[in-house]
Amino acid sequence: MTEPVIAGGIYENYIEPYSAIDFVAFWVMSALVFWVLSVLVQLSCRCRCCVFCNDSLRTNDGDSSIRLLSVAVRALVIFLLYLPFFLRYCPGLFFGDTFSSFAQIMGWNPLSNHHPVAFTMMMAACIKIAGLMGMSPSVGVALLTVLQMACVASTFGYLSIWVTSRSGVSSRWSWLLVVYFGLSRYCALYSVALWKDPLFSCCLVLMVTMLADAVMGKDSRSSALRLLVFGALALGVMLLRNNGLYICAALFVVLAIVVALGRLGCIAPMKPASRLAASLGFALVTCLVITGPVYSALGVVPSEDVESVGIPLAQMARVAAVDGDMSESDRSYMNELLPLDRYKEVYFPSCIDPLKWNEDFNAERLKDEFWTHWVSMLSRNPSIYFEAWELQTFGFWAPNVKGADCLPENFLMGVPYNLVADAEASTGVIFRNLLAPLGDDVDVAIGLSAWSIPGAVVFWLLMFSTVLLVSRGRSRFALPLLPFLLLFGTIFIASPIWYWPRYIVAAQFGLPVVFVVVARGLLPDERHSESDVVG
């Protein structure tokens, strides 16, 4: 598939008509890939040289303890490996989103939830601490970056130990993951990138490890502290990204269904499910209280309506841009949003931002009859709607897209202020390269271009893993994969751009957990030999 032109209109970014060959090819390739992956997983479970070998798992049942000191040592090593990136991009990679929070803290703009208030409050606390010590706001920003580095390093340190512990192998193998996470430029840059995504991803990955422990029977004695941590992580997921609420709400519904089916005898009971559901439910209520009455009392400006209807708006805009079928009422409504003759110019199939932030776009009309007209236009233009969805999301699910195969421009797409000559004058933040005395060669090792596992590959690995587990009667082992699938699901509904790895980086970080869950789920162990379904 050809690489999209981000600033391209309907004539640069388009889809050629599908044929029967495409339909057949998709199902044939899907079946073939599923079969190959299934065979590879089965072989890996039997192979002695594989980390997830059966004998090792049976030796200690993957139940070796996780010591805080071991996690701390590994986290410290990873943190030190990330330190050069902090010195190069001090006080941290500062983007437009970061400046939005900074401007609110400095009183230049009203407090807004367009970018999560929780992230803004954390930055405000760090700037306040720096101010109490007589230091500038730039030092406060640097403090936030250091704390974020510590969180990311601690998450990876815990993850490295968790993987070996739940795989039943020596903790010495965890150093391989420490080396991977510590030397990965992609991971290191996220640790100093002042986006909401790194902290959100840490919370979600740790939540997934706790869900995995639940299905593997590692927290059958769920302590109050463990449940409190799970709830706190869920609250972090919900407060740090707007789609976090939908992820946790859907997960709560699934856990409630698991509990209900277990009590009805339809499936084998999962003891921790009810406690996790209760903890998650409490976190949901807490989030709604914070984002509702508390934010209102603080005068927080809610997120714009256009933020939650990105793809539906793109679908309607495409109908107008390609002269699709509209009733007179639909045509009048679309004209009120934006003059009809402007859609061909303003609608970009692979990015909704040029439309929704256009100065002539009337966002107020989104509050009135939007969904009525969306349904009306859908009934007349289903194929155009589908094309609009494809062009807005295909980088997240199409593995053959040139440009999305690694997208090294991930951080450059955010246009970091660190690289802008007059950024200090416009932001009030002092940007320094503390490694400048070492010369320009430093950027060769710690530049902003970084390879990552394509999001589409991650998505299909999750899908095939889920299908594999369900087809083998191990449905409960698919539960820990659900938060990552829900993350992709929210992106498929509301992505503002065809692909940006930062939106699904949590799933990239969590791949080691996925591999462990699949290996344990397919292990022919007598403890897991029963089907999840009770006959």
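Summary of values
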| read-out | value |
| --- | --- |
| Lysines whose Cα lies under 19 Å from that of residue 218, excluding same-chain neighbours fewer than 8 positions away | 271 |
| In segment 364-429, the trypsin sites (Lys or Arg not before Pro) that fall in loop regions by DSSP, at most 14 other Cβ within 10 Å | 402 |
| Qualifying chymotrypsin sites (Phe, Trp or Tyr not before Pro) for segment 224-271 [loop in DSSP, other Cβ within 10 Å: at most 11] | none |
| Rounded if a/c under 1.5, otherwise prolate or oblate - segment 174-261, Cα gyration tensor axes | oblate |
| Between segment 67-120 and segment 250-306, the Cα center-to-center distance that results, in Å | 27 Å |
| Ratio Rg/Rh [Cα only; Rh per Kirkwood] for the chain | 0.97 |
| 3J(HN,Hα) from dihedral phi, segment 254-266, Karplus parametrisation 6.51/-1.76/1.60, rounded to Hz, x for glycine, proline | 5, 4, 5, 5, 4, 5, 5, 5, x, 6, 7, x, 6 |
| Contact order normalised by residue count of the chain, Cα under 8 Å, 6+ apart, percent | 22 percent |
| Within the chain, longest stretch clear of exposed GluC sites (Glu not before Pro) (DSSP loop, no more than 14 other Cβ within 10 Å) | 13-358 |
| Segment 323-403: C-alpha pair distances exceeding 21 Å, % | 34 percent |
| Contact order normalised by residue count of segment 326-430, Cα under 8 Å, 6+ apart, percent | 23 percent |
| Sites residue 30 and residue 421 - FRET efficiency at Förster radius 51 Å, r taken between beta-carbons, to 0.05 | 0.55 |
| Förster radius 35 Å - calculated FRET efficiency between residue 433 and residue 285, Cβ distance, rounded to 0.05 | 0.15 |
| Cα pair distances exceeding 17 angstrom across segment 220-357, given as percent | 70 percent |
| Alpha carbon centroid spacing (whole Å) that separates segment 345-402 from segment 133-169 | 38 Å |
| Equivalent ellipsoid dimensions for segment 115-158 as semi-axes, Å, which come from the Cα gyration tensor, largest first | 21, 13, 7 |
| Paramagnetic label zone (point 7 Å from Cα along Cα-to-C-beta, residue 402; backbone N under 11 Å) in segment 341-373 | none |
| Efficiency of FRET between residue 369 and residue 250 - r from beta-carbon atoms, R0 22 angstrom, step 0.05 | 0.20 |
| Chymotrypsin sites (Phe, Trp or Tyr not before Pro) within segment 63-147, DSSP loop, no more than 12 other Cβ atoms inside 10 Å | 108 |
| Cα→Cβ-extended label distance, 7 Å offset, between residue 296 and residue 341, nm | 4.5 nm |
| Contour minus Cα-Cα distance for residue 225 and residue 128 (0.36 nm per residue) | 31.9 nm |
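Readers should treat all values here as calculations from the given coordinates under stated rules, not as data from a laboratory. Computed from a predicted model, the values in this text were never measured in an experiment. With ideal geometry, Cβ positions are generated from the backbone for all residues, glycine too; neighbour counts draw on all protein chains shown.
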